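The values are calculated or read from the model by the stated rules, or taken from the named source; none is laboratory data. Everything numeric here is computed off the predicted structure, so don't read it as measured data. A quick note on method: Cβ atoms are made from the backbone with ideal geometry, for glycine too, and the neighbour counts reach across all protein chains shown. Ligands, DNA and RNA are excluded from the accessible area calculation, which covers all protein heavy atoms including side chains. Shrake-Rupley method; radii C 1.70, N 1.55, O 1.52, S 1.80 Å.
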Amino acid sequence: MGAEIEISNLSVYYGAVRALTDVSLNIPEHGITAFIGPSGCGKSTLLKTINRMNDLVEGFRAEGGVTVGGRDVYGGIDVTQLRKRVGMVFQKPNPFPMSIFDNVAYGPRTHGVRARAKLEAAVEKSLRDAAIWDEVKDRLRRSALSLSGGQQQRLCIARALAVGPQALLLDEPTSALDPISTSKIEDLVTQLKAEYTIVIVTHNMQQAARISDRTAFFLLGELIEHGATEELFSMPSQKKTEDYITGRFG
Amino acid sequence: MKARSAALRAAVYAAAAITALTIVFLVGYIVVKGAPHLEPELFAPKYTTDNLSMLPAIINTALMTVSALLISGPVGVFAAVYLVEYASRSSRLARGVRLAAETLSGIPSVVYGLFGRLLFVAMWGLSLISGAFTLAIMTLPLIMRTAQEALLSVPDTYREGSFGLGAGKLRTVFAITLPAAAPGILAGFILSVGRIVGETAALIYTAGTVAEMPKNAFSSVRTLSVHMYVLSNEALYVNQSYATALVLMVLVIFINAGSNAIAKKLTIHSL
Amino acid sequence: MKDKVMRAVFLAAACVCIVCVALICVFLFVNGIPAIGEIGALRFFLGTRWKPGQGLYGIAPMILGSVYVTAGAVALGVPTGVLTGIFMARFCPARLHRLLGPAVSLLAGIPSVIYGFFGITVLVPAVRGLFGGSGKSILTASVILALMILPTIISVSEASIRAVPVHYYEGSLALGATHERSVFSAVVPDARSGITAGVVLGIGRAVGETMAVVMVAGNQPIIPRGILEGVRTLTANIVIDMGYATDLHRRALIATAVVLFVFILAINLLVSPGSRPAAK
C-alpha cells in the first residue's frame, strides 16, 4: 500500500468559521512537501486534517475528501490505524515525562508490542533513524526532559518513527529551536524522505526552499499555488505568491 | 499623617504578634505537657483502663484511613478524569457535579456523622465500614477537586503527542495523563488522610468508640481523634491525654507537611 | 469496547457526588421536615426549651447559641486574621515569612479535638479564674473558634492582597504616601472582595464546628444572658443527643441538621464565585 496523500475539494470549518476553502492537492510519496504561508492561512489546519488531529477540536467539520494511500480518511477508517500510518511531530518538542526508552517504546506498546527484545530493537532502530542514538544510547533510562530542545525534537521524531508510519507530518518542527539544532533536524528530514512521505509546515521560507521538493502556498484558507519548490520560488505564477516569498507581507 | 501611619503599623504588628504567639503557645503547650508523659505503656499492644494504650487507636486510624480512601480515591479520581478528559467544560452534568462537590465540601462533619448513622449504621451497625463510608463521602470533594486541578495542569501537548501516535483516549489517560498528574493527586490524598486522622464528629456515632483492634469490617473501632475525645471527656487521665494530644498533633502536622512538600514539588516541576 | 466501558465507569464516578448530595438531602429533609411539622414550626424555631423527655423541642437557644459564638469568633478572629494577612503580604521580611507561613498552615491542620482539649485545659480555667463561673461559656467557645478560623482568614487575606497589581501600591507611593497608607488605602480596598470571601469561609467553618465547641461551651440548652454563660450550638445539639435519641427526638435532631444545612448552604452561596456580588 502506498502513502500518497490526496486532498480533493476540502473545506474545513470550526463552528461557523471556515478555515479552509476548497483545497485540492496531491502529495506524492517519498518526497518532502512544504506548506508555507502567513499565520492563520490554514496550513496547520490542513496538516492536522490529514491525520484527524482536528477531531479533538470542538466544532470541527470537514467537507470534501482526504485519502492516504487511496483510503478515505473520513470514511469509516480506524483513527488509531490512521495515526499509526501517519506520524506527527509538533511545533514544540513534547516528550512525555518518562524515560527516553519509554518515550520511544510508547507507540509500539500502544499497538500491542510487549516482548522486551522486540521493543529494544524497535527503540534502537528508531533512535538511529532519527540520528540521536549516539547521543542517548548510554542514558536510555534517564528522563526525556533532561535532553536539550533539539534533542527532544529528534526524540519526538524517533518516537513517531517507532510506530512504523508511512508518512510523517511535521508542524513547524524547528520553530522553537536554535540554528544548530534546526540544521540537524533538516538533515534528518532530508534523509528520511527516501522512506517516508513527508509534509512539513514552516514559517521559514529558506527552510522550505532548502529541503522540500514541492511547496504549497496558502493564504486566508485558500491554496494559492503549488508545484516543484524550485519553480515556485524562482518563478511563481501568482502575484500573491511572489509578494509573499519576496517578503512583501506575512 | 505620621501618627496615623504609626498606628496602622502598630496594629498590623500587634495582630501578627498575637497570631505568632498563639501558635507558639498552643503547639508549645501540647509539646511541653505531653512529651514527659510519653510512656511506653501508652503504646502497649492492648488497651486497658490501666495503661490507656493508644496503639490500637493508631492502628484503627490507619485502617479507617485506608478503607475510606479505597472508596473515595478511585471514585474521586475517576470523576475528575471524566470531568477533565471527557466532558465538555460547559456541559450541564459537569456543572452539576461541580455544584454538588461544592455543596459536599461545605457540609459540617457532624451532619455527615448524622447521615452516616441514619444510612450506614442502620445497615452495618457501629463499625469500621460505616465510618469508612461516611468519611469517604466527606473526603470525596477534596480528592476530586485536587485531582481535577492536577489533571488540568497536565499540558495538552502530552495528550496531542499520545493521540498523534495512534493511542486512544483510555490509553492516553492511563499511560500519560494520570501519571503526569500523580504528584498533585497524591497531595490531595495526603490532605484527605490529614482530615480523616483529625476527624471526630463524623466518626463517634458511625464507627463507635471500642478501643480494640477490629475483628472484621463490621467491628466498632475508635480512631486516635475519637480516643483523644473520650480520654479528655473522662477528665481522669490528664497526663495520658496530653501525651495522646501530642502524638495526634505531630501525626497530623507531618501528614500536612508531606502534602505541602509534594504540592510544592509539583509546581516547580510543571514550570 | 474497553474505551466505552471505562467511559461509562468514569461517568458513573462523576455522578457519585450528585447522588451523595441527593441522598443526604433526601435523608435530612424527608426525616426532618415532617418532624418540624409534627412539633409545630413555631414551637420548633421559636421554642426556648429543649426537653426531649417532656416532648419539648425548641431550638431557639441553639440557633442563638450558634449565632453568638460565631459572632464572637468573627469579632475576635477577623481583625486579627485580616491584619496578620496584611502583615504577611506587605510587612513581613522574607525570612520571617518562611517561618510564619508554615506555622499558619500548621494551625489549619490541627484537629478540632486538640483545640477542644487546649480549651478545656487552658482557656476554661483561665476564664474561670478571671471572671468566675464555670469557665465554659460563649466567651471561651468564641476564643477557640476564633483560633480555628484564623488560618483560613489569614491565608485568604494574604492571597487576595498579593493578587492586587503592584502599580496600585507604587502609584500611591509616588504620590508621597507612606508605606502604611499606601497599603491600607490603595491595596487593601482592592482586595476587599477576596477578604470578604475569606471571612465568609471562616464563618462557615465556625458555624459547622462541633467537637471543639462541645468541649468548651457548657452546652446548656438555655438562652444565655451574658457572654460568660454556657451555651449550646446547633452542631452540639446534634452530637450530644445523637447517641441515644429515638423516634421524634431523633427526627428533631435531623431537623436541627436541616437548619444547620440551610445555614451553611446560604453562607456558601454568598461566597461561590457565580453569585458573589462585585464588592466594589
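Just read off the accessible area of C:Phe45 with the full protein assembly in place, 1.4 Å probe, to the nearest 10 Å².
My reading of the accessible area for C:Phe45 is about 80 Å².
Convex hull volume of the Cα atoms in the range C:41-178, per residue, in Å³? Mind dumping the intermediate values first?
Numbers: hull volume 25.8 nm³, N = 138.
Residue-normalised Cα hull volume stands at 187 Å³.
How high is the FRET efficiency from A:Gln206 to A:Gln238, r the C-beta distance, R0 25 Å, rounded to 0.05?
Using R0 = 25 Å, I get an efficiency of 0.80.
Given a Förster distance of 45 Å, report the FRET efficiency between A:Thr21 and C:His179 from their Cβ-Cβ distance, rounded to the nearest 0.05.
Numbers: r = 60 Å, r/R0 = 1.34.
Result of the calculation: an efficiency of 0.15.
Can I get the semi-axes of the range A:5-245's equivalent ellipsoid? Compute them from the C-alpha gyration tensor as square roots of 5 times the eigenvalues, in angstrom, largest first.
30, 21, 15
To the nearest 0.05, what FRET efficiency results for A:Arg141 and C:Arg162 with a Förster distance of 35 Å applied to their C-beta separation?
Approximately 0.30, to the nearest 0.05.
Going by alpha carbons, how many degrees (0 to 90, nearest 10) lie between the helix axis of C:138-162 and the longest principal axis of chain C?
Helix C:138-162 sits roughly 40 degrees off the main axis of chain C.
Filter the cross-link list B:Lys169/C:Lys2; A:Lys118/C:Lys2; A:Lys92/A:Lys184; A:Lys118/C:Lys4 down to pairs whose alpha-carbon distance in this structure exceeds 19 Å. Write out the running numbers ahead of the final one.
Values: B:Lys169/C:Lys2 11 Å; A:Lys118/C:Lys2 26 Å; A:Lys92/A:Lys184 16 Å; A:Lys118/C:Lys4 30 Å.
Exceeds cut-off: A:Lys118/C:Lys2; A:Lys118/C:Lys4.
Roll a 1.4 Å probe over the protein heavy atoms and report the accessible area of C:Met88 in Å², nearest 10.
10
Taking the Cα centre of the protein assembly as shown as origin, work out the dipole magnitude from +1 charges on Lys and Arg Cβ and -1 charges on Asp and Glu Cβ, in debye rounded to 20.
In total the dipole reaches around 1660 debye.
Between A:Ser99 and residues 5 or more places away or on another chain, which pairs have amide H atoms under 5 Å apart, with H built 1.01 Å from N, and which residues are they?
Here the answer is A:Ala144, since their amide H atoms fall under 5 Å of that of A:Ser99.
May I ask you to rank B:Lys265, A:Lys193, A:Lys239, B:Lys33 by accessible area, largest first, using a 1.4 Å probe over the protein chains only?
B:Lys265, A:Lys239, B:Lys33, A:Lys193
May I ask which residue of B:Gly34, B:Val250, A:Gly75 lies farthest towards the positive end of the charge dipole of the protein assembly as shown, with charges of +1 (Lys, Arg) and -1 (Asp, Glu) on Cβ and the Cα centre as origin?
Result: B:Gly34, furthest along the dipole toward the positive end.
Sequence gap at least 6, Cα distance under 8 Å: using those rules, report the relative contact order of the range B:41-270 to the nearest whole percent.
27
Inside 10 Å of the C-beta atoms of C:17-30, what's the mean count of C-beta atoms belonging to other chains?
Shielding by partners across C:17-30 averages 6.
For chain B, which whole percent of the accessible surface, found with a 1.4 angstrom probe, sits on carbon and sulfur atoms? The partial results should precede the final answer.
Working: 7430 of 10960 Å².
The C+S portion of the solvent-accessible surface of chain B is 68 percent.
Residues with amide H under 5 Å of C:Arg49's amide H, sequence separation 5 or more or different chain, H placed in the peptide plane at 1.01 Å from N; which?
The answer is C:Gly58.
With a point put 7 Å past each Cα toward its Cβ, work out how far B:Val24 is from A:Ala176 in nm, to one decimal.
According to this spin-label approximation, the distance is 4.9 nm.
How high is the relative contact order of the range C:61-275, given as a whole-number percent (alpha carbon pairs under 8 Å, six or more residues apart)?
31
Over all directions, average the projected area of the Cα convex hull of chain B and note it in nm².
Projected over every direction and averaged, the Cα hull of chain B covers 20.6 nm².
Given the -39500 (n - 2.57) contribution per DSSP H run of 4+ residues, what per-residue ellipticity at 222 nm results for chain B, rounded to the nearest 500 deg cm²/dmol?
-23500 deg cm²/dmol
Once ligands and nucleic acids are excluded and a 1.4 Å probe is used, how much of A:Lys240 is accessible, expressed in Å² to the nearest 10?
Using a 1.4 Å probe on the heavy atoms, I get roughly 110 Å².
Return the carbon/sulfur percentage of the accessible area of chain C, one whole number, probe 1.4 Å, all protein chains in place.
Using a 1.4 Å probe with all protein chains present, chain C comes out at 68 percent carbon and sulfur.
Quick one: among B:Val197, B:Val238, B:Val12, which has the greatest mean-square fluctuation in a GNM of chain B with alpha-carbon springs under 10 angstrom?
Its mean-square fluctuation being the largest, the pick is B:Val12.
Give or take rounding to whole Å, what are the principal axis extents of the alpha carbon atoms in the range A:74-117, in descending order?
Over the range A:74-117, Cα extents along the principal axes are 37, 31, 13 Å.
Using the crude model of +1 on Lys and Arg Cβ and -1 on Asp and Glu Cβ, and no other charge, please compute the dipole size for chain B relative to its Cα centre, in debye to 20. Walk me through the intermediate numbers first.
Working: 19 positive and 11 negative charges, 191 e Å.
The dipole magnitude comes to about 920 debye.
Return the long-range amide H neighbours of A:Glu225 (sequence gap of 5 or more, or a different chain), with a cut-off of under 5 Å between placed amide H atoms.
A:Phe217
Quick one: work out Rg over Rh on the C-alpha atoms of the protein assembly as shown, Rh as Kirkwood radius. If you can, show how the numbers build up before the last one.
Working: Rg = 32.7 Å, Rh = 30.5 Å.
With Rg and the Kirkwood Rh in hand, the quotient comes to 1.07.
Enumerate the calculated ³J(HN,Hα) couplings along the range B:49-58 in order (Karplus 6.51 cos²θ - 1.76 cosθ + 1.60, θ = phi - 60°), each rounded to whole Hz, writing x wherever the residue is Gly or Pro.
6, 7, 8, 6, 4, 9, 4, x, 5, 5
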